[in-house]
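**Student:** The structure under discussion is supplied below as structure tokens; questions concerning it will follow.
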């Protein structure tokens, strides 16, 4: 393994192809958003609120800049 | 002409869900295309007539009235696959990426953001140069792989990547946060194979996130137990972090809007540091995340929807 400082400082974790989504949610292709039990998953008043935008994010810097 | 917003993003780009709800409320027509699903649709562009057709998942749209494009796609591809790509995978990646860039045929639409603006705005050296030019204080910075330059810094330094470090090894992924180390820890052996960014360590510090959307600006300080966070705040547990609205000095607000404007952006997520009353520019992210900052009193999604609605 390289000794480059950016590699030695890196945090390692298991790779996830997709974020770990809340159980029972699905993507509504008609509306173009995620729902759970017919309710919008991400909103200020939903069970999961808007922090899910961070919670489910696969860490790629901040904004899913990966491919 | 009816307005139509085209959204190019990821299926897991949850902040988009917030904006879509705003578009629904205001009756703005939209099409969301997720990069994960592109091959599951039938999608064509007539580049001469500027017509887009999208078929699949219950959609059958032929549109020539795209009035805004929300381009949430990165311009640079960062993460390397940990396995050899098949011919089909190589083809899918290269050609869909080019297809999405080709959406610029709808040049008359409102773009958030125009891809070539995102391209230049994603360059950290360019950001720092421009930030200094518009008037910001910028930490002393050296970028490269010659460690002899790094020895000239004070003992404590900030080490960060020049671009997102997102690596794969076997079943693991590696991500490098901004780190605080000492200049003595850097040498030819641990820097030569790839360039990095070294900055003076500004201390004490309070991180500030400024989200600029069109003419709107939201400034939030990021603290833990009411105090600034010494290291990369993303390393803390989410429940330990507070996001508190602040007012910026008028001059700093102007610099924020100026750099977004200079870069030709309509959206920019800017990281600043406040230290002893001074405000330092750290970086700007043209496709930065913001959903986690949104509240009913700080409804960033409404600002974005308003820009997209024209």
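**Student:** Count, please, the residues in region A:9-40 that happen to be surrounded by 10 or more Cβ atoms within 10 Å (Cβ to Cβ), within 7 Å of another protein chain (Cβ to nearest Cβ) and not in a loop (DSSP other than H, G, I, E, B).
**Tutor:** Qualifying residue count, region A:9-40: 7.
**Student:** Still on this structure: I need the full set of residues from region B:241-255 which are in contact with a helix residue (DSSP H, G or I) (Cβ under 9 Å, 6 or more places away or on another chain) and assigned to a helix (DSSP H, G or I), in order please.
**Tutor:** In the first step, residues of region B:241-255 are kept if they are in contact with a helix residue (DSSP H, G or I) (Cβ under 9 Å, 6 or more places away or on another chain); the result is B:241, B:243, B:247-248, B:254-255.
Result: B:254, B:255.
**Student:** Please determine, by comparing only the residues of region B:26-58 that are touching a residue at least 40 places away in the same chain (Cβ under 8 Å) and part of a helix (DSSP H, G or I), which one is nearest to the other protein chains (Cβ to nearest Cβ).
**Tutor:** B:35
**Student:** Let me ask another. Whether any residue in region B:59-74 is more than 9 Å from chain A (Cβ to nearest Cβ), at pLDDT below 90 and within 28 Å of residue B:122 (Cβ to Cβ) is what I want to check.
**Tutor:** If we filter region B:59-74 for residues that are more than 9 Å from chain A (Cβ to nearest Cβ), which is where we start, we get B:60-71, B:73.
Filter once more, keeping what is at pLDDT below 90: B:73.
Those left that are additionally within 28 Å of residue B:122 (Cβ to Cβ): B:73.
Yes, some residue in region B:59-74 is more than 9 Å from chain A (Cβ to nearest Cβ), at pLDDT below 90 and within 28 Å of residue B:122 (Cβ to Cβ).
**Student:** Shifting gears a bit: Determine whether region B:199-209 contains at least one residue that is farther than 30 Å from residue B:146 by Cβ, crowded, with 19+ Cβ neighbours inside 10 Å, modelled with pLDDT of 95 or more and touching a helix residue (DSSP H, G or I) at 6+ places or on another chain (Cβ under 6 Å).
**Tutor:** Checking region B:199-209: not a single residue is farther than 30 Å from residue B:146 by Cβ, crowded, with 19+ Cβ neighbours inside 10 Å, modelled with pLDDT of 95 or more and touching a helix residue (DSSP H, G or I) at 6+ places or on another chain (Cβ under 6 Å).
**Student:** So, in region B:7-18, how many residues would count as being under 21 Å from residue B:104 (Cβ atoms) and within 11 Å of another protein chain (Cβ to nearest Cβ)?
**Tutor:** First, pick out the residues of region B:7-18 that are under 21 Å from residue B:104 (Cβ atoms): B:7-10, B:13, B:16.
Right, trim to within 11 Å of another protein chain (Cβ to nearest Cβ) and you get B:7, B:9-10, B:13, B:16.
Adding up the residues that qualify gives 5.
**Student:** Looking only at region B:75-94, decide whether some residue is surrounded by 15 or more Cβ atoms within 10 Å (Cβ to Cβ) and touching a strand residue (DSSP E or B) at 6+ places or on another chain (Cβ under 6 Å).
**Tutor:** Within region B:75-94, the subset surrounded by 15 or more Cβ atoms within 10 Å (Cβ to Cβ) is B:75, B:78-79, B:93.
Filter once more, keeping what is touching a strand residue (DSSP E or B) at 6+ places or on another chain (Cβ under 6 Å): B:78-79.
There is at least one residue in region B:75-94 that is surrounded by 15 or more Cβ atoms within 10 Å (Cβ to Cβ) and touching a strand residue (DSSP E or B) at 6+ places or on another chain (Cβ under 6 Å).
**Student:** Run residue B:254 past the list (1) within 17 Å of the chain's Cα centre (by Cα); (2) at pLDDT 95 or above and report the number of the one that doesn't hold.
**Tutor:** (1)
**Student:** Quick one: in region B:265-310, of everything that is in a loop (DSSP other than H, G, I, E, B) and under 25 Å from residue B:108 (Cβ atoms), which residue is nearest to the other protein chains (Cβ to nearest Cβ)?
**Tutor:** Initially, region B:265-310 is screened for residues in a loop (DSSP other than H, G, I, E, B), giving B:265-266, B:276-277, B:286-290, B:294-299, B:310.
Going one step further and asking which of them are under 25 Å from residue B:108 (Cβ atoms), we end up with B:265-266, B:286-287, B:310.
Working: B:265: 14, B:266: 16, B:286: 9, B:287: 5, B:310: 19 Å.
My answer is B:287.
**Student:** Pairs under 6 Å by beta carbon, first residue on the phi > 0 side of the Ramachandran plot in region B:112-135, partner modelled with pLDDT of 95 or more, six or more apart or different chains?
**Tutor:** The qualifying pairs are B:135/B:255.
**Student:** Within region A:42-67, how many residues are at pLDDT 90 or above and either within 18 Å of residue B:234 (Cα to Cα) or touching a helix residue (DSSP H, G or I) at 6+ places or on another chain (Cβ under 7 Å) (or both)?
**Tutor:** 2
The values are calculated or read from the model by the stated rules, or taken from the named source; none is laboratory data. Owing to the predicted nature of the structure, the values given are computational and were not obtained by experimental measurement. Don't worry about glycine lacking a Cβ; one is built from the backbone with ideal geometry, like all the others, and counts go over all protein chains shown.
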